[in-house]
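Remarks on the structure that follows.
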Amino acid sequence: MAQVLCQLPPVESDKLLVGLDKSDDAAVYKLNEDTALIQTLDFFTPVVDDPYVFGQIAASNSLSDIYAMGGKPILALNIVCFPTCLSMDILAEILKGGSDKVREAGALLVGGHTVDDNEPKYGLSVSGIVHPHKVLSNSNAKPGDVLVLTKPIGLGILNTAIKADMLDEKIQKKAIETMISLNDIAAEGMEITKVNSCTDITGFGFLGHAFEMAKGSEVSIVIDSKAVPIIEGAIENAQMGLVPAGAYRNEGFLGDNVEFEKDMPVYMKDILFDPQTSGGLLISIEKENVNKLLEFYDRNLKTQFSIVGEVVEKQEKYLIVK
């Protein structure tokens, strides 16, 4: 995709606060001195069999980009690809799941567009607002910052196990609860203290999105793999080889931009590259401010969270994983 986008003419405007140049989560356009518009779009194929749950997951994933930019979602439009051979009752449940999540986020779902396709796909185009001086991007991490991750990783591996009907029901329920959890509380925590940079962890995996933050900020990121929260069941399933193809694509994309500690287990690398669906926020915050953020999360955040690394001056590699 990057090879295609680079062939397009550059987009230049004094009002475009965030565009394509730093591979950020959404575009941000300044409307006036007090308000900027955040615009994002995301959709994908089902990751679970239950259509209502799939709708919730897809909507939560789409809304996440707004939260990662420091904004609040206000409007959403459905994006639907659906085969005519399937029951419209299934589509109704997908849309109901998405609608309920948009409502939970405090936004309005105001329509959308549907096309006939061989495979179901669903997601949202979402508009949000933020003060122009409070926009967060993935390219402002500073040396000395610490990194906080607000959801566990390993969701892609568990989704692979779900599709193979090899996942314990209790673990499957936990994975679904994690994916349908909005990042609204995580974003609310960022409003109470100074945060330098943020991105959400989705298809490029934990390391892929950390790399984009490091490269965009021209720093290196040191990751403590033992501190990264991993969802229950991910290690065991990764050890069995239930790793999605996207993890290997992510590994190929990063190439030699990451340095791993010698003898790091293969399963741990797979989990760090694992593409996430509706993952958490990766937040770069000054060390003196992090305790206030963590105290807020202790009181309010229901998903696993942890300090997972630190930002340092640019080294030979963008990512150093210990």
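The values are calculated or read from the model by the stated rules, or taken from the named source; none is laboratory data. Note that the structure is a prediction, hence the values are computed from the model and not measured. Here Cβ is always computed from backbone atoms with ideal geometry, including for glycine, and neighbour counts include all displayed protein chains.
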Test set (1) assigned to a strand (DSSP E or B); (2) surrounded by fewer than 19 Cβ atoms within 10 Å (Cβ to Cβ) - residue 283 fails condition number: (2)
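Does residue 92 fit the bill of being under 21 Å from the mean Cα position of the chain (by Cα), at pLDDT 95 or above and not assigned by TED's automatic domain parsing to the domain that holds residue 186?
Working: under 21 Å from the mean Cα position of the chain (by Cα): no; at pLDDT 95 or above: yes; not assigned by TED's automatic domain parsing to the domain that holds residue 186: yes.
Answer is no for this residue.
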Of 246, 189, the only residue that is in the same structural domain as residue 163 (by TED's automatic domain parsing) and either touching a Leu at 6+ places or on another chain (Cβ under 6 Å) or part of a strand (DSSP E or B) (or both) is 189
Among the residues of segment 198-215, write down those that are at pLDDT 95 or above and either in a strand (DSSP E or B) or of a type in the set (Gly, Ala, Ser) (or both). 198, 199, 200, 205, 208, 210, 214
If I filter segment 286-305 down to residues being within 20 Å of the chain's Cα centre (by Cα) and in a helix (DSSP H, G or I), which single residue comes out as surrounded by the fewest Cβ atoms within 10 Å (Cβ to Cβ)? 300
Mind counting the residues in segment 249-278 that are in a loop (DSSP other than H, G, I, E, B) and within 24 Å of residue 312 (Cβ to Cβ)? 4
Residue list for segment 148-187, filter: of a type in the set (Asp, Glu) and within 30 Å of residue 74 (Cα to Cα): 177, 184
Quick check: anything in segment 118-141 touching a residue at least 40 places away in the same chain (Cβ under 8 Å), over 30 Å from residue 34 (Cα atoms) and hydrophobic (A, V, I, L, M, F, W, C)? no
May I ask you to say which residue of 312, 266, 258, 308 is buried (at least 22 other Cβ atoms within 10 Å of the Cβ) and more than 17 Å from residue 150 (Cβ to Cβ)? 258
Which members of segment 186-211 meet the condition of being buried (at least 20 other Cβ atoms within 10 Å of the Cβ) and either in contact with a Cys (Cβ under 7 Å, 6 or more places away or on another chain) or under 22 Å from residue 243 (Cβ atoms) (or both)? 190, 200, 201, 202, 204, 205, 206, 207, 208, 209, 210, 211
Within segment 53-82, can you find the residues that are under 13 Å from residue 102 (Cα atoms) and touching a Lys or Arg at 6+ places or on another chain (Cβ under 8 Å)? 55, 56, 59, 60, 63, 66
Any residue that is closer than 18 Å to residue 228 by Cα and among the hydroxyl-bearing types (Ser, Thr, Tyr) - is there at least one of those in segment 139-150? yes
